[in-house]
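The values are calculated or read from the model by the stated rules, or taken from the named source; none is laboratory data. Since this is a predicted model, take the numbers as computed values, not measurements. Cβ placement follows ideal geometry from the backbone for every residue including glycine, while neighbour counts extend to all protein chains displayed.
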Amino acid sequence: MTITIFLGSLLLAMAIGIPIAFALLISGVALMWHLDLFDAQILAQNVINGADSFPLLAVPFFMLAGEIMNVGGLSRRIVKLALAVVGHVPGGLGYVAIMAAVILAAVSGSAVADAAALASLLLPMMVVAGHDKARSAGLIASAGIIAPVIPPSIGFVIFGVAGNVSISKLFLAGIVPGLLMGVALAGTWWWLVRKEQVAPPARASRQEMLHALKESVWALGLPAIILVGLRMGVFTPTEAAVVAAVYALCVAMFVYRELSLRQLADIFRVAARTSAVVMFLVAAAMVSAWLITVADMPGKLVELLQPFMGSPTLLLLAIMGLVMLVGTAMDMTPTILIMTPVLMPVVKAAGIDPVYFGVLFIMVNAIGLLTPPVGTVLNVVAGVGRITMAQVARGVLPFMAAQVAVLLLLVLVPSIVTVPLRWLAG
C-alpha cells in the first residue's frame, strides 16, 4: 500500500502536468499523510537539508564550465582537432563526432550541452557531405550520452550524494566504460556507412594538424588537469568543478579571447537557471528519500526481488530493465534521485559493489536520455538540428542498441569496471 500511494501520487501529479520537483513534494506529502507523520516543519527541514550539501556545489560549476566552453570557443576547437585527425577516413565526420564527444565528455559532464554543441557544429557538415540526416542526428545524440559516464559527470555527483558513494571513485570507474561506449558507436557507424558513397573531407596536412593541436591544447588541458588532480588527491570532485569553471573562463577570455564581459552575464544567467532547476529537484527528492527510509520501502523491495538475490547478475539485469523502463517517462536527474535511495539497500544486501553499480546505473540512465517520449537529448538534437523527433528516434536505434550491448557486457563481466578502478584508485 505504501509503494502504491507513493508511486500513484507521483505519477498522477506528473500526468496532469505538474513539474517533477513539485510532483515529488506532493508524493512526499501524500506519503506523510498515509504514515500519519505530516508536519510542515519536517517537510521544510528536509527540503533545506536536501540542497545543503557541499558535494552538490559541483553541479552548478560543471554546468557553468560547459556553458563557457560552448560560447568561448573551447568546444569548437576540440571539434576542429578531431576533424584534422580522423576527418579524412571514409565516414570520417561520424568518427569526428564520436572523438569530439569523448573529449567534450571529459570536460563538461553534461549530455545536453555536448549534444547541442555537436549538433550545431557537425550535423550541417554531415548533411552537406551526403550522410543521411536522421542517421547523423542519431549518432550525435548517442555520442552525447557519453558525457554522464566519462568524468567529470554531473550524474555521478548526484548519485554519489544520493547514495552516499565516493564520487572520486565513481569518476575513475567511469573512464573505461565511457571509452567502450565510444568504441561501440564507432563500430556501429562503420557498419552502417561502409557502403555509402560519401566523399570524406580532404586529409589535413601535417601543418594543419599541428595548427589544430596547437589551438586546442588549452582546451585539452582541462580534462588532464581534472583527472590528474583527482588521482593525486590534489582536490575533491567539488573543487575540481570550480577548477574547471575558472580554467575554462580564463582560457575563453584571455587565451582565445572569444568571450566578452557582456556574454559572461548571459552565461551566468543560463547556468544559474539550469542549476536552480537541478538543485530544486534534489531538495524536493530528499523529502521522498527520507520518507522512503521511514516507510522501509527498500525492505519491501528486497522481499519482492528475493528470487534474484542469489544471483547478482540476474538482479542487475532486472534492475537495469526497470530503470530503462522508468527512463522512457522520466529525465535522468529525477530518476537518480527517486530510485537511488530505494535500490542502494537492495544492491548492498546482494553484495554488489556500490561503485560498480553506480556506473551501470548512470549508464542506463544516460541511455534513457535517448528513449522517447521524454528523450531529453533527442529533443535537443531535434531542436538544434531542425529535424523532427521521429526522424532522430529512427536514426538513433542502431546506436542505442550498441550502447545497450556495452551495458550488458559490463553486467556480465564486472571486472571490466572493477579492475581498472583498482588500478586507477591505487
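Here ILE226 passes the criteria (1) part of a helix (DSSP H, G or I); (2) among the hydrophobic types (A, V, I, L, M, F, W, C); (3) at pLDDT 90 or above except the one numbered (3). In region 340-351 there is no residue matching the filter, namely being at pLDDT 90 or above and surrounded by fewer than 20 Cβ atoms within 10 Å (Cβ to Cβ). VAL251: free of Cβ contacts under 8 Å to residues at least 12 places away in the same chain, more than 30 Å from PRO398 (Cβ to Cβ) and either touching a strand residue (DSSP E or B) at 6+ places or on another chain (Cβ under 9 Å) or assigned to a helix (DSSP H, G or I) (or both), yes or no? Answer is no for this residue.
The residues of region 118-141 that are closer than 17 Å to MET389 by Cβ and either in contact with a Phe, Trp or Tyr (Cβ under 9 Å, 6 or more places away or on another chain) or at pLDDT below 85 (or both), listed by number, are ARG135, GLY138, LEU139, ALA141.
Apart from one condition, LEU424 fits all of (1) at pLDDT below 90; (2) over 24 Å from PRO354 (Cβ atoms); the exception is (2). Residues in region 200-221 that are among the small types (Gly, Ala, Ser) and either within 14 Å of VAL79 (Cα to Cα) or in contact with a helix residue (DSSP H, G or I) (Cβ under 7 Å, 6 or more places away or on another chain) (or both): ALA204, ALA212, SER216, ALA219.
Being modelled with pLDDT under 85, hydroxyl-bearing (Ser, Thr, Tyr), farther than 25 Å from PRO345 by Cβ and part of a helix (DSSP H, G or I), is that true of even one residue in region 263-284? Looking through region 263-284, at least one residue is modelled with pLDDT under 85, hydroxyl-bearing (Ser, Thr, Tyr), farther than 25 Å from PRO345 by Cβ and part of a helix (DSSP H, G or I). Residues in region 193-221 that are over 23 Å from ALA129 (Cβ atoms), free of Cβ contacts under 8 Å to residues at least 24 places away in the same chain and not basic (Lys, Arg): GLN207, LEU210, VAL217. Inside region 127-147, residues that are surrounded by fewer than 24 Cβ atoms within 10 Å (Cβ to Cβ) and part of a helix (DSSP H, G or I) make up a count of 6. Scan region 381-394 and give yes if some residue there is surrounded by 22 or more Cβ atoms within 10 Å (Cβ to Cβ), farther than 17 Å from ALA141 by Cα and not charged (D, E, K, R), otherwise no. No; the residues of region 381-394 include none that is surrounded by 22 or more Cβ atoms within 10 Å (Cβ to Cβ), farther than 17 Å from ALA141 by Cα and not charged (D, E, K, R). How many of the residues in region 397-419 are crowded, with 17+ Cβ neighbours inside 10 Å and of a type outside the set (Val, Ile, Thr)? Here the count works out to 8. Note on region 1-47: residues that are within 18 Å of ALA283 (Cα to Cα) and aliphatic (A, V, I, L, M) total 19.
Of the helices (runs of 4 or more DSSP H) that lie entirely inside region 316-426, those containing 1 or more residues that are touching a residue at least 12 places away in the same chain (Cβ under 8 Å) and among the hydroxyl-bearing types (Ser, Thr, Tyr) span 332-349, 354-368, 376-385, 415-425. For the criterion of being surrounded by 21 or more Cβ atoms within 10 Å (Cβ to Cβ) and either aliphatic (A, V, I, L, M) or part of a helix (DSSP H, G or I) (or both), ALA219 passes.
Residues in region 188-216 that are at pLDDT 85 or above, under 32 Å from the mean Cα position of the chain (by Cα) and surrounded by fewer than 13 Cβ atoms within 10 Å (Cβ to Cβ): 3 in all. Among the residues that make up region 222-242, is at least one of them free of Cβ contacts under 8 Å to residues at least 60 places away in the same chain and closer than 17 Å to LEU74 by Cβ? Checked against the condition, which is being free of Cβ contacts under 8 Å to residues at least 60 places away in the same chain and closer than 17 Å to LEU74 by Cβ, region 222-242 yields at least one hit. For region 389-411, a residue qualifies if it is among the small types (Gly, Ala, Ser) and farther than 19 Å from VAL127 by Cβ, and the qualifying residues are ALA401, ALA402, ALA405. The residues on offer are SER153, SER136, SER110, and the sole one that is more than 30 Å from LEU343 (Cα to Cα) and of a type in the set (Ser, Thr, Tyr) is SER136. Examine region 238-247 for a residue that is modelled with pLDDT of 85 or more and over 17 Å from VAL157 (Cβ atoms), and state whether such a residue exists. Checked against the condition, which is being modelled with pLDDT of 85 or more and over 17 Å from VAL157 (Cβ atoms), region 238-247 yields at least one hit.
How about region 159-195: which of its residues are part of a helix (DSSP H, G or I), of a type in the set (Val, Ile, Thr) and more than 14 Å from ALA143 (Cα to Cα)?
VAL161, ILE167, ILE175, VAL176, VAL193
Among residues belonging to region 23-79 that are among the aromatic types (Phe, Trp, Tyr) and buried (at least 17 other Cβ atoms within 10 Å of the Cβ), point out the one that is farthest from the chain's Cα centre (by Cα). This residue is PHE61.
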